[in-house]
Structure formats: C-alpha cells, structure tokens
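Only one structure is covered here, and it is reproduced in the block below.
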Amino acid sequence: GAGVSQSPSNKVTEKGKDVELRCDPISGHTALYWYRQSLGQGLEFLIYFQGNSAPDKSGLPSDRFSAERTGGSVSTLTIQRTQQEDSAVYLCASSLGLTQYFGPGTRLLVL
Amino acid sequence: KNQVEQSPQSLIILEGKNCTLQCNYTVSPFSNLRWYKQDTGRGPVSLTIMTFSENTKSNGRYTATLDADTKQSSLHITASQLSDSASYICVVSNNDYKLSFGAGTTVTVRA
C-alpha cells in the first residue's frame, strides 16, 4: 500500500475486555514500531520489531500488553483486561532507514 | 530520564507571518534530532532529521536548527499558511530507533 495502515480507526470497549489493534506497514519496511499517545503527552515507545531479530519490548507498560509481527509484515498489539488508563491513541510506524512513517492511529476508549 | 521539552505549548499566528518553535533536550548520548508535523487525527509526518554535525536543515518553508552543545533546537516556519495548523513534535534519538518525544507545540494559523 501507499502508507502505513491501522485498524480499527476507533475502538470503544468496556473495562476488563481484551482488544486487538492491527498495523499493516509499508511493504518492504523491515522495522515496525508501536507507540502510545495520551492526551497532552508525548508519544511513548511501546515495542520495536526489526526483521527476524528478537523484538525490543522494553516500553510495554505491563504484562497485559503484548505484540506480534507475523511473517515480518503485519503486526498486532493486544491489550488484555483493558483498564481506563489504557485509553489513548495507539500509533504504528514502519521504516527502512532513519525516517519512521506513521499510520493514522487507533483511538482506544475504555469505558 | 531522557527528556525533550518544547515551548511554547501552543501559539496562534496570522497567515503569512513567521514563527519559531523551541526544543530543549537532555537525551544522551545523542544520535539525531527530528521534527515531525502531526495534523489532527493523523499520524506524525517527518519534516527534518539532523545529526550531531548539522546546524541547520530546511524543508520548504520549514527550517530547523540544532545546537548540540547547548542541546537546543528550533523550527522556524516562514510565511505561514492555513495548512500549517498542526502540532509540531521535537523528537530526539540516542540510537537509530529508540526515540524520545516532546509533547508538541500546537500551531494555529488564522486568516
């Protein structure tokens, strides 16, 4: 595709439910990143995938958060037992070099 | 903790006028500094990337400066247009992929 795509664009869920967020990176990009953007805050690094290397999960805020990248392309971020403080915009980015190209984000609201 | 501080938090300018946004950082070691533009409801888009040895870099009407000694950067917007209304985010990297994000400066351009 022309750019990074994410789905769904918006997600409303109830506290305690699990959610899955999807990211389709730019074709050929070896690196994929997940970030969280809370209102009025800077983007917060969550996880980084690079090719077949072990991902850098150092930014995941708790063990309720996990991410996979299948076949070096599509990635899924899973949040289990969602809490209200998980409400934020979740952004995915991909890159081949220094420049990261961001998707439009998934706006998650936990009621 | 690595920090990136931006000022002002927001500003309003008249179409055609210039403005300058500031960024101070304490990220160390330093690899590169980036400025991103984020339109409402969209993902950030890269404007410039500067390494330690670069003092200035332009992208159309956007000019970024970097003083690695004082750990300061600025983004100057010349002859502002309505489409410049967005959040401008300063991002500092201490390696190729791990980024520290500022909270952004919201620019509103009025006719």
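Numbers below:
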read-out	value
Tally of residues being open to solvent by 70 Å² or more (accessible area, probe 1.4 Å), assigned to a strand (DSSP E or B) and over 21 Å from B:Val92 (Cβ atoms) across the range B:11-65	2
Those residues of the range B:77-98 which are open to solvent by 20 Å² or more (accessible area, probe 1.4 Å) and either among the acidic types (Asp, Glu) or more than 20 Å from B:Thr40 (Cα to Cα) (or both), in sequence order	B:Thr78, B:Ala79, B:Asn94, B:Asn95, B:Asp96, B:Tyr97, B:Lys98
Sole exception among (1) closer than 21 Å to A:Asn10 by Cβ; (2) touching a Pro at 6+ places or on another chain (Cβ under 8 Å) for A:Gln83, by number	(2)
Tally of residues being under 16 Å from A:Glu44 (Cα atoms) and either within 14 Å of another protein chain (Cβ to nearest Cβ) or in contact with a strand residue (DSSP E or B) (Cβ under 8 Å, 6 or more places away or on another chain) (or both) across the range A:62-84	5
Extreme residue, farthest from the other protein chains (Cβ to nearest Cβ), among residues of the range B:72-101 that are in a loop (DSSP other than H, G, I, E, B) and modelled with pLDDT under 95	B:Asn94
Filter result for B:Thr40 (away from chain A (no Cβ under 14 Å) and more than 11 Å from the chain's Cα centre (by Cα))	no
Strands (runs of 3 or more DSSP E) completely within the range A:24-111 that count 3 or more residues being buried (at least 17 other Cβ atoms within 10 Å of the Cβ) and touching a residue at least 60 places away in the same chain (Cβ under 8 Å)	A:31-37, A:88-95, A:106-110
Residues of the range A:13-23 classified as open to solvent by 90 Å² or more (accessible area, probe 1.4 Å) and within 16 Å of the chain's Cα centre (by Cα), total	3
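The values are calculated or read from the model by the stated rules, or taken from the named source; none is laboratory data. Model, not experiment: these values are computed from the prediction. Every residue, glycine among them, receives a Cβ derived from its backbone with ideal geometry; neighbour counts consider all protein chains shown. For accessibility, only protein heavy atoms count, side chains too; no ligands or nucleic acids. Shrake-Rupley method; radii C 1.70, N 1.55, O 1.52, S 1.80 Å.
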